[in-house]
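In what follows, a single structure is set out as structure tokens and then discussed.
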Amino acid sequence: MRVLVINSGSSSIKYQLLDPVSGAVAASGMVSRIGEPVEPGATTVEHESDGRTLEHDGPIPDHAAGFRVVFDLFARSGHDLTGEGLYAVGHRVVHGGEVFYRPTLIDDAVVASIDELSALAPLHNPANVIGIESARQLLPGVPQVAVFDTAFFHGLPDAAKTYAIDAKVAVTHGIRRYGFHGTSHEYVSGRVAELLGRDASAVNQIVLHLGNGASASAIRGGRAVDTSMGLTPLEGLVMGTRSGDIDPGIIAHLMRTADFDIDAIDQLLNRNSGLKGLSGVNDFRELQRLIDTGDHAASLAYEVYIHRLRRYIGAYLVELGEVDAITFTAGVGENSPQVRADALAGLTRFGIAVDPDRNTAKDRAARYISPPDAQIPVLVVPTNEELAIARAAATLVT
Ligand code: ADP
């Protein structure tokens with residue numbers, strides 16, 4: 001049984017063909033720089049299958065062209081997607097608004113609703129819709145399922161999801177905290193419960209998803225009770241290129257005094273802020289290299305990143321009261337022992353500690369990094385959003 005998982009972004013398409021039961025990946029790849037001019041000979045599509053990498057060079061004018069190249073590469077690598085064997089296509093959809101809170105079988109009405117939600121996620125939902133439409137055209141007989149990044153946070157308590165702004169304005173414009181990365185928070189928190197050997201309904205936990213985008217969640221008995229992202233994925237932690245929390249007064253100030261229009265504000269906060277805005281680089285490994293050369297801006301960026309992270313950890317400890325696990329996941333969370341150690345330094349009196357040997361062990365599996373006698377276990381659990389989406393899609397289609 002195989003499911004094709006598609007994550008169609010504004011200028012990229014990531015995909016995986018995998019078995020939703022075993023998690024075995026048959027093929028995976030990425031189309032990048034869609035709609036951008038590229039220098040001659042530049043690789044824009046990389047496709048991995050059975051240990052081999054196939055590449056496509058040259059510009060990809062739009063998503064439909066990207067999907068055609070991907071389907072060609074599948075055929076060339078011996079996986080005929082249009083033939084038998086494809087059970088479902090699972091699409092990652094960023095914003096499900098108030099409408100979608102569970103995996104949903106896609107039909108014309110669902111596509112129209114996801115498109116309508118573009119007002120809430122102008123950078124994401126339109127690209128998701130294009131991905132869905134291309135896949136429906138190229139694979140007409142295969143059931144397609146949308147899995148929403150907001151779904152896990154649909155039931156946030158009112159106090160956590162409500163912004164303290166004029167209630168009429170909020171209701172009229174759908175302004176509330178929705179949360180994102182839900183597929184990852186749900187998958188990782190489920191794995192944590194398994195590792196603890198307890199039912200998810202009996203575990204209170206904090207999950208720190210630290211990738212290019214970053215978010216924290218507080219989960220009580222399997223249900224999310226708070227998360228750091230809000231109406232959009234801009235709120236919360238310091239990210240690769242996004243600011244996370246700022247004083248909203250900054251926006252009015254820049255518009256009033258510095259001639260920023262709304263596009264310039266969007267560009268500033270989404271693309272030129274966070275680690276990149278502070279240090280010039282958004283990739284954590286490059287940031288670490290700069291810090292090692294004595295670069296002060298990079299060190300400050302790191303300190304701001306850790307400061308914000310600790311603030312959220314503190315908030316969620318208090319919100320939950322009783323905490324059974326704290327877990328790091330995603331690119332930075334899984335790979336940076338320094339971030340994990342600094343995020344939880346000096347908290348032994350709260351029963352929280354990171355064991356230096358366990359923390360720096362070269363191990364890619366889900367594992368404990370707290371000392372064996374720790375009151376609150378600290379873990380690293382690799383996220384796997386593709387597998388979670390494939391499972392959700394397969395379950396719905398069965
Ligand atoms: P995305 O949000 O794009 O899915 P990922 O979860 O892949 O992001 O995380 C990407 C981030 O993880 C980058 O900042 C990258 O530098 C960081 N990262 C990956 N490997 C390492 C590593 N070995 N050490 C530190 N950071 C790493």
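The values are calculated or read from the model by the stated rules, or taken from the named source; none is laboratory data. Not measured: the values here are computed from a predicted model. Every residue, glycine among them, receives a Cβ derived from its backbone with ideal geometry; neighbour counts consider all protein chains shown. Keep in mind that these areas ignore ligands, DNA and RNA; they rest on the heavy atoms of the full protein, side chains included. Shrake-Rupley method; radii C 1.70, N 1.55, O 1.52, S 1.80 Å.
Some values worked out for this structure:
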| read-out | value |
| --- | --- |
| Of the chymotrypsin sites (Phe, Trp or Tyr not before Pro) in region 254-341, those whose Cβ has at most 10 other Cβ within 10 Å and which sit in DSSP loop | none |
| Per residue, in Å², the accessible surface of region 39-129 once ligands and nucleic acids are set aside, probe 1.4 Å | 50 |
| Highest-fluctuation residue, 94, 381, 318 considered, GNM on the chain with Cα pairs under 10 Å | 318 |
| Accessible surface, region 281-372, averaged per residue in Å² (probe 1.4 Å) | 53 |
| About the Cα centre, charge dipole magnitude for the chain (Lys/Arg +1, Asp/Glu -1 at Cβ), debye | 740 |
| Rounded to the nearest 20 debye, dipole of region 182-239 from Cβ charges on Lys, Arg, Asp, Glu | 100 |
| Solvent-accessible area per residue, Å², over region 137-234 with all protein chains present [probe radius 1.4 Å] | 39 |
| Sulfur and carbon atoms: percent of accessible area, the chain [1.4 Å] | 52 |
| Among 118, 156, 142 the positive-end extreme of the charge dipole of the chain (Cβ point charges) | 156 |
| Average Cα contact separation per residue, region 217-367, under 8 Å, 6 or more apart, as relative contact order % | 18 |
| Percent antiparallel among DSSP beta bridges (both partners in the chain, rounded to 5) | 70 |
| Extension gain from residue 296 to residue 172, taking 0.36 nm per residue of separation minus the Cα-Cα distance | 40.1 nm |
| Solvent accessible area, Å² - residue 72, 1.4 Å probe, full protein context | 100 |
| Rounded if a/c under 1.5, otherwise prolate or oblate - the chain, Cα gyration tensor axes | rounded |
| Most fluctuating residue given options 183, 329, 162, as computed from a GNM of the chain linking Cα atoms under 10 Å | 162 |
| Of 234, 169, 280, farthest towards positive along the dipole that unit charges on Lys, Arg, Asp, Glu beta carbons give region 166-309 | 169 |
| Unit charges at the beta carbon, dipole of region 37-125: most positive-side option, 41, 104, 86 | 104 |
| Sequence ranges 110-119, 53-62, ranked by mean other-Cβ count within 10 angstrom, highest first | 110-119, 53-62 |
| Cα centroid separation - region 277-336 against region 196-246, whole Å | 14 |
| Selected from 239, 229, 255 as most flexible by GNM, with the chain as the system and alpha-carbon contacts under 10 Å | 255 |
| All lysines inside 29 Å of residue 362 as judged from Cα atoms, apart from same-chain residues fewer than 8 positions distant | 14, 276 |
